[in-house]
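*Asks:* Just dropping this structure here.
Nothing in this text is a laboratory measurement; each read-out follows from the coordinates by a stated rule. Quantities reported herein were computed from a predicted structural model and do not represent experimental measurements. Note that we place each Cβ from the backbone using ideal geometry, even for glycine, and neighbour counts take in every protein chain shown.
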Amino acid sequence: MKSLALTILISSTLYASAAETAVYVPPSDTVFLKVDQIPLDVERMHELASTLLEVAASPRERTAEALQACAKLVAIAAQLDPKNEKIEPVNTTLLTLSPNPSDESNQSFNDAQLALTFHFLKQKEQGSEAKQLADRLNTSLHVLYPNNPHFKNDTTTSVSWENIVAPLAEFTVDPELDLINTQRVKHSEKAPQEELLSNSSTSGDEFIKKLDKVPNPPALKKWRIQTQNVQAPVTFLENKQAHHSVSKVMVSMIPISGGSANKITISSDSLSSLSSERSKLAEKLSKIFKQQWPKGFQSAELKIFYAKQVNKNFDFSVLTALSSIVLDASLLNRKLSPDLIVAMGQNDSGEFVRNTRFWDYLPSLTQLSDQHRILVTSDSEGDLQQLLVTTDAEFFIRHEIFAVNDLEDSRNYRTIELEGDIAKASELFATVQEVLEGKSIRSMASNTHVRSKLKEIYTLNPHHLSAKMLLILGSEMKPNTIATKYLGYEIQSILREVKPSISTGLSTIDQSNKIIAKGDILAERIRELNRHTSPEDREVFVMLKDLADTLQSAGKSHLKSLDYYSNRSEYHAKSYSDDMLQLKQIEADLTTKAKELIANDPPKKE
């Protein structure tokens with residue numbers, strides 16, 4: 001039996017490595033075609049792009065050569081029609097598609113349409129850019145359809161795919177990587193080897209120990225995926241007021257050939273005004289990844305694009321954690337789930353920590369309508385519990401929220417497909433979501449059947465914070481008032497929103513109107529907060545009410561001071577000046593008060 005168990009382990013391990021002979025690497029976003037110089041109208045370009053994507057996604061034998069050719073077709077399609085919605089799905093299909101035997105019916109797929117366009121483009125009178133496109137089509141399609149007479153192995157032409165499509169070697173499965181992925185243990189699971197150790201022979205013990213000594217993460221130097229998309233909370237300024245939102249973020253990794261390894265640099269239009277902070281982030285990421293990948297990694301330049309324009313109020317802590325997850329997944333050739341949101345910070349040791357603005361970001365997270373997978377840290381649980389007091393608990397049934405402490409933890413949650421007990425827990429949670437749809441979450445949280453399912457989910461995955469919060473909601477542990485520390489966070493959040501106006505003052509009618517409106521919104525927010533606060537903490541509301549009232553007074557005084565035809569404009573200008581002085585004093589007093597409230601239980605340092 002010992003020998004049989006070991007044979008099964010070895011066979012399953014080797015089969016996992018042999019199951020695929022090649023791996024797909026998506027192309028970069030490098031611009032290599034001047035499409036305005038190609039003699040095709042927009043409609044024909046878009047039709048050609050769609051055809052190339054269909055060809056790339058067609059079932060075929062997964063060889064390194066074929067997958068590289070598919071990557072080239074996807075790259076061309078992205079140049080011809082950058083907004084084509086099929087690009088990402090095709091990349092995902094090529095990443096996850098199981099091996100398929102060659103299908104003769106696909107050998108002539110759309111060849112008439114492709115051939116006509118190809119021969120048109122290769123004509124000398126169409127210009128050099130059309131000739132380049134034709135050459136690129138030929139080199140790609142000949143690999144996929146070697147028997148097609150239109151696409152030939154033309155050695156007289158040469159086009160470079162450097163920094164566009166990865167070299168052929170990178171499309172070949174790395175046996176060490178596949179072996180490691182087969183043996184990787186989830187933080188909620190027991191390693192299968194451990195169950196066999198007691199029954200295995202001496203030689204089996206030695207074999208398994210060798211497997212355990214394989215470094216995790218593996219020592220890869222190449223970037224397997226060069227573009228990833230993820231979502232994260234962001235702070236931005238508008239009319240001197242801070243706003244919080246959840247933004248899509250695209251990160252591209254451009255490998256740097258030659259020179260020293262283990263170095264990350266950042267160039268980004270989104271962060272162009274923050275060069276100093278950008279350099280610090282690059283240094284921090286390089287340090288973290290030297291620890292994660294002790295055998296070294298290929299240097300790369302990151303390009304980071306935010307859907308929303310960021311500025312000096314930008315939060316780099318979240319971007320550090322986000323970038324680390326993207327980089328780690330790309331080195332491991334793992335595509336991130338499209339519904340993933342990273343809502344945490346990261347310290348210099350690589351540990352994920354509660355972001356200092358997490359309380360600020362919670363309202364924007366609760367307003368998301370679509371389902372998401374949200375990654376936070378375990379020390380953010382206190383913030384989430386406060387939502388059981390102040391907001392609709394539907395947030396916890398709509399989204400799956402997971403606690404992760406480091407990059408190794410994050411690997412269990414960031415990809416499209418979950419595994420093991422984590423997958424089982426999420427499947428159970430989906431059934432709870434169906435049961436609770438359209439019902440009162442607060443009342444159903446105490447339902448015996450629902451609680452039984454939630455307990456099963458939490459047992460399978462103790463990091464499933466959505467299940468945990470719903471269990472707390474239906475128990476005697478449910479909080480009824482906001483904890484003192486989080487009242488301090490709320491004060492800090494309010495101050496961050498109004499600080500730009502207090503620091504620089506008002507100069508236009510629009511700014512005055514907006515600060516008056518802000519005072520109205522703030523007054524309502526304070527009244528709502530007061531309802532959920534314990535009596536001993538309510539003294540702080542006198543200070544907060546003064547802040548809201550004085551903001552409105554300053555805005556109104558400033559408006560009236562701009563009426564130069566009024567004989568009281570100087571009086572109102574003096575009132576505005578007095579209001580601004582008072583606001584600065586209130587801000588200072590509230591800043592001190594917030595620190596006092598938080599002091600008893602400070603979060604871990606980022």
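*Asks:* Starting from 0.36 nm per residue, how many nanometres of slack lie between Lys595 and Val542 once their C-alpha separation is accounted for? Write down the numbers at each step before the final one.
*Replies:* Working: separation 53, 0.36 × 53 = 19.08 nm, distance 1.72 nm.
Residue separation times 0.36 nm, minus the Cα-Cα distance, leaves 17.4 nm.
*Asks:* Additional query: Length gain on complete extension for the stretch Thr92 to Ser349, per 0.36 nm per residue less the alpha carbon to alpha carbon distance? All intermediate terms of the calculation are to be shown ahead of the outcome.
*Replies:* Values: separation 257, 0.36 × 257 = 92.52 nm, distance 3.22 nm.
Extra length from Thr92 to Ser349 when fully extended: 89.3 nm.
*Asks:* Quick one: which residues, 5+ away or cross-chain, put their amide H under 5 Å from the amide H of Ser247? H built at 1.01 Å from N.
*Replies:* Hits under the 5 Å cutoff: Ala232, Val234.
*Asks:* Continuing with the same structure: Going by amide H atoms built from the backbone, whose H comes under 5 Å of the H on Asp315, apart from near neighbours?
*Replies:* Here the answer is Thr235, since their amide H atoms fall under 5 Å of that of Asp315.
*Asks:* Report the relative contact order of region 342-392, percent, no decimals, based on alpha-carbon pairs under 8 angstrom and at least 6 residues apart. Numbers along the way, then the final one.
*Replies:* Details: 35 pairs, mean separation 19.6, N = 51.
Contact order relative to length: 38 percent.
*Asks:* Work out the length of the dipole vector of region 299-444 about its Cα centre, built from +1 on the beta-carbon of each Lys and Arg and -1 on the beta-carbon of each Asp and Glu, and round it to the nearest 20 debye. Mind showing how you got there, number by number?
*Replies:* Values: 14 positive and 23 negative charges, 90 e Å.
For this selection, approximately 440 debye.
*Asks:* Tally Lys/Arg at +1 and Asp/Glu at -1 over every other residue whose Cβ is under 12 Å from the Cβ of Lys290; what's the total? It would help to have the intermediate numbers written out before the result.
*Replies:* Details: positive: Lys263, Lys284, Lys287, Lys295; negative: Glu283, Asp348.
Taking every Cβ under 12 Å from that of Lys290, the sum is +2.
*Asks:* Another question, then. List the residues, sorted by chain then number, that are 5 or more residues from Asp406 or on another chain and whose placed amide H is less than 5 Å from its amide H.
*Replies:* Phe352
*Asks:* With 20 Å as the limit, write out which pairs from Lys222/Lys290; Lys284/Lys485; Lys556/Lys593; Lys248/Lys335; Lys518/Lys545; Lys468/Lys593 have Cα-Cα distances beyond it, or answer none.
*Replies:* Values: Lys222/Lys290 14 Å; Lys284/Lys485 30 Å; Lys556/Lys593 28 Å; Lys248/Lys335 16 Å; Lys518/Lys545 13 Å; Lys468/Lys593 32 Å.
The pairs that break the limit, which is 20 Å between Cα atoms, are Lys284/Lys485; Lys556/Lys593; Lys468/Lys593.
*Asks:* In sequence order, what are the phi-derived ³J(HN,Hα) couplings for region 351-357 according to the Karplus relation 6.51 cos²θ - 1.76 cosθ + 1.60 with θ = phi - 60°, rounded to whole Hz, with x for glycine and proline?
*Replies:* Result, rounded to whole Hz: 7, 7, 9, 4, 6, 5, 9.
*Asks:* Using θ = phi - 60° and the Karplus form 6.51 cos²θ - 1.76 cosθ + 1.60, what ³J(HN,Hα) does each residue of region 363-374 get, whole Hz, x for Gly and Pro?
*Replies:* 3J(HN,Hα) across region 363-374, in whole Hz: x, 5, 5, 5, 7, 5, 8, 6, 6, 9, 10, 10.
*Asks:* At 0.36 nm per residue, minus the direct Cα-Cα distance, what do Glu61 and Ser369 gain on full extension? Give it in nm, one decimal, please.
*Replies:* Numbers: separation 308, 0.36 × 308 = 110.88 nm, distance 4.02 nm.
Stretched out fully, the Glu61 to Ser369 stretch lengthens by 106.9 nm.
*Asks:* Extent of region 314-409 along each principal axis, from alpha carbon coordinates, in Å, largest to smallest?
*Replies:* 40, 26, 24
*Asks:* Once phi is turned into ³J(HN,Hα) by the Karplus curve 6.51 cos²θ - 1.76 cosθ + 1.60 with θ = phi - 60°, what whole-Hz value does each residue of region 496-506 show in order, with x for glycine and proline?
*Replies:* 5, 6, 9, 4, x, 5, 5, 6, 9, x, 10
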